[in-house]
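Worksheet: one structure, shown below.
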Amino acid sequence: MATPALRIAEDGRHDAPALPPGRDILAGLPAGSVWQAGRVAQYPQAVHPTGFSALDGELPGGGWPAGALIELLLERPGVGELSMLLPMLGRTPPDRWIVWLAPPLQPYAPALARAGVPLARLLVVRPERPQTLLWATRQAAVSGSCAAVLAWMPRIDNTGLRRLQLAAEESDSPLFLFRPDTVAGQASPAPLRLALAARGDLLEVRLLKRRGPPASHPILLDVRAADAGPCDSGTLADASLRSR
Amino acid sequence: MFWLAIHLPAWPLQVFTRGLQAPPPLAVVAPPPRGTILAVTPTAEAAGVRCGQRSASALALLPELQLKTRDPARETEALAEIAAWAERFSPRLSLSPPDAVMLEISSCLRLFGGASRIEQALRAGLTEMGFDVRTGCAPTPLAARWFARAGLSAAALSEPIADKDSDAPCPSDAPAPGPAADGTPEPEWMRWLDPLPIELLGDDGSCDAPTLALLAGLGLRTLGEARRLPAAGLARRQAQSVGRTLARARGELADPRPWFAPPSRFDHGLVLPVPTHHADALLFAARRLFASLAGWLQARHAAVDLCTLVLEHASLPHTTLELVFGAPSHEEARFTLIARERLAATQLTAEVSGLRLRADRLVHAQAGSEDLFGAPAARADATLLLARLQARLGDKGVYRLSARADHRPEAAWLACEAGCGPLHPDSRAARRAHADAAPTVAAEGLRPLWLLPEPKPVAAARLTLLGEAERIETGWWDGRPVGRDYYLARDEHQALCWVFHTLDAPGHWFVHGFFG
């Protein structure tokens, strides 16, 4: 798991030993208030490690940001998008839900159980109307009782996206929004946008948008390795978040 | 003893206008043979409608006036509702029909920090429930009632009354000797009795109308003047009740009161003055009932996990909504939240003219123990989210998944009802379910994360098969046999999918799932 070169503790002190003059003033400011070019932004809130060190290294803060809308753009289900999230879902703390809203296909319980996802805390919500779907997504996000919210919305307008982003900011859990990859060119208020595609056995992740310098090259992840059994990193008890 | 009286001014009217911010012109009339007006709303009064008028003359003054016949049953019920709610302050209370509730609070003064604190809390709570109340305190029930009627609260009287006189000899248990008898100066609260108007004597039927007419004929205006009348003279004029009533009020004569026995189930209603079908208006009215339910539960240290809200229609059968709260709760906010979702998702057949709330299955409330490190609040939230989603989307819209021990892929999972609460990961049922599922899962090959609802036919030319076949041939015993060879395959979009061909027709390929 990659650790950023400079780590800023919560009380504002830095633990890097020697810094050039001026830098320590910057480093002494509260985390997230000043962004320096060339450095990937740090999130003020906690982040959830993705379970893939290559991806952690490219994401601001080193994992899925809690309290943010994360857009995942893919052409069709089945490219490996769920496998990418399995390590995080497997670390769901007790008394928290994982909510799946309007999944396009049927989530298959035996495979999920085998990957370590706690089925007892997985809620599948299938609203009938798009407005209800948006409402349910917002409620799940702001309730504060979800470890992760996964919503599939083929059609959502900018107002809806903005609402979801605001709802996600109120919460302490990531809100994953799955959308078709045709919207990659459109603007979005989501602070993190990823385009996913299958490349052979690997999953190609392109970071379309992140807080920090634009990512130059796509990341290839071997997400299927996690399919073979329960994820290696961390047991259920090890549900603590890495917080900056 | 120290008594706090809750007086409800214009009570026959209040049961109809309960919870309205701006009541429409409305008057309550006596039952048919007389038909005179008993109480009117301010808007009607502004138009000239007065108590004591005939209903016909009132209608002539204000044609849009709504007339309601007095409903004593509803008044009694609402009085009991107030008493049940007020049990949170004192276990000893007494109904004083037609329009007052008495609380004996001497034992709770220290807990709540004085009589005026209790009064404030009572007023705030009852206002929230939609009632207009006046309160008064005194060492005897009758005096407390008179103070409440006259609008003299403990704050208006001097505050020490609550503290000094609560330790005074209990007048209604053992009649104390009159203050004049042993020469001590009479307490301050008794002096406050004297200037009260003489009409209060007839307040709860202790003095009849001829007696009051007699006193009025004598030119008496206040209770103090009546007290100074010679007892022998009153007795000769058949008016001994005056002396007795005053003695009861001053604590010189015992005044026993029957204690209120609280109902074992909650069943209260309110009537909407204007029938409506707006969810917001209904919710606003229902909040009165939820506040009352919350108080009733709190007095019992109990909680409910479901209750019934009945929407009463004038001519059609009533609509009944089951409110499921997900977890035992006694919080008004949670009741309101779930009711809002249910009302938003309900199609009403007609306008609603009344509401009724019933709760009878009580659960012992878990005393919320605060954890030093953890946050027990989060646990409560988890059930709240599920209850909200279920209330809005119905049981079909929210479900959970469980694995079954079956080799047929489509039979190896089950959508189970999300249930009322979260299946705790440590619960025995969850562990058993996990233990059941584990062996079969371990024995099988790879399984996809996405399953198609129905296997979809696909052309063999588009697939690149990977690996070896996994044969699943089972299910002959329940009429849905399968005989299939499953393969991993890659389709033309590079997606990894799970395909099979049946053993009967080897050339026909189907996609059954995707490795998402």
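The values are calculated or read from the model by the stated rules, or taken from the named source; none is laboratory data. For clarity, every value in this text was computed on a predicted model and none was experimentally measured. Quick reminder, even Gly has a Cβ in these numbers, built from the backbone with ideal geometry, and neighbours come from all protein chains shown.
When only residues in the stretch A:140-157 that are part of a strand (DSSP E or B) and in contact with a helix residue (DSSP H, G or I) (Cβ under 8 Å, 6 or more places away or on another chain) count, which is farthest from A:L122 (Cα to Cα)?
A:A151
Filter the stretch A:97-106 down to residues that are of a type outside the set (F, W, Y) and surrounded by 22 or more Cβ atoms within 10 Å (Cβ to Cβ) and give me whichever is nearest to the other protein chains (Cβ to nearest Cβ).
Out of the qualifying residues, it is A:V99.
Each row is one residue, and each column tells you yes or no for (1) at pLDDT 85 or above; (2) more than 14 Å from chain A (Cβ to nearest Cβ).
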{"site": "B:S427", "(1), (2)": "no, no"}
{"site": "B:A430", "(1), (2)": "no, no"}
{"site": "B:L452", "(1), (2)": "yes, no"}
{"site": "B:D478", "(1), (2)": "no, yes"}
{"site": "B:R490", "(1), (2)": "yes, no"}
{"site": "B:H501", "(1), (2)": "yes, yes"}
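Being surrounded by fewer than 17 Cβ atoms within 10 Å (Cβ to Cβ) and either of a type in the set (S, T, N, Q) or modelled with pLDDT under 85 (or both) is the filter here, so list the residues in the stretch B:100-113 that pass it.
Across the stretch B:100-113, the qualifying residue is only B:S107.
Determine whether B:V28 is touching a strand residue (DSSP E or B) at 6+ places or on another chain (Cβ under 9 Å), of a type outside the set (S, T, N, Q), touching a residue at least 40 places away in the same chain (Cβ under 8 Å) and outside any helix (DSSP H, G or I).
Yes; evaluated as a whole, the condition is true for this residue.
When you scan the stretch A:169-200, how many residues do you find that are under 15 Å from the mean Cα position of the chain (by Cα), of a type in the set (A, V, I, L, M) and part of a strand (DSSP E or B)?
6
Of all residues in the stretch B:181-218, how many are modelled with pLDDT under 85 and not in a helix (DSSP H, G or I)?
The qualifying residues number 13.
For A:G160, only one of the following conditions fails: (1) crowded, with 18+ Cβ neighbours inside 10 Å; (2) more than 8 Å from chain B (Cβ to nearest Cβ); (3) not in a helix (DSSP H, G or I); (4) not charged (D, E, K, R). What is its number?
(3)
Taking the stretch A:54-79 as the search range and keeping residues that are within 14 Å of chain B (Cβ to nearest Cβ) and crowded, with 24+ Cβ neighbours inside 10 Å, which one is farthest from A:L202 (Cα to Cα)?
Of everything passing the filter in the stretch A:54-79, A:G78 is farthest from A:L202 (Cα to Cα).
When residues of the stretch A:130-151 are filtered for being more than 10 Å from chain B (Cβ to nearest Cβ) and surrounded by fewer than 19 Cβ atoms within 10 Å (Cβ to Cβ), how many remain?
Residues in the stretch A:130-151 being more than 10 Å from chain B (Cβ to nearest Cβ) and surrounded by fewer than 19 Cβ atoms within 10 Å (Cβ to Cβ): 2 in total.
Please find, among B:T308, B:T319, the residue that is under 13 Å from B:L355 (Cα atoms), surrounded by fewer than 17 Cβ atoms within 10 Å (Cβ to Cβ) and within 13 Å of the chain's Cα centre (by Cα).
B:T308
Within the bounds of the stretch B:276-283, is there any residue that is modelled with pLDDT of 85 or more, in a strand (DSSP E or B) and touching a strand residue (DSSP E or B) at 6+ places or on another chain (Cβ under 7 Å)?
Checking the stretch B:276-283: at least one residue is modelled with pLDDT of 85 or more, in a strand (DSSP E or B) and touching a strand residue (DSSP E or B) at 6+ places or on another chain (Cβ under 7 Å).
Of everything in the stretch A:166-194 that's within 14 Å of chain B (Cβ to nearest Cβ) and surrounded by fewer than 21 Cβ atoms within 10 Å (Cβ to Cβ), which residue is farthest from A:G144 (Cα to Cα)?
Ranking the candidates gives A:D181 first.
The rows are residues; the columns are (1) in a strand (DSSP E or B); (2) in contact with an Asp or Glu (Cβ under 6 Å, 6 or more places away or on another chain); (3) among the hydrophobic types (A, V, I, L, M, F, W, C).
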residue: B:S292; (1), (2), (3): no, yes, no
residue: B:L311; (1), (2), (3): yes, no, yes
residue: B:P317; (1), (2), (3): no, no, no
residue: B:T320; (1), (2), (3): yes, no, no
residue: B:I338; (1), (2), (3): no, no, yes
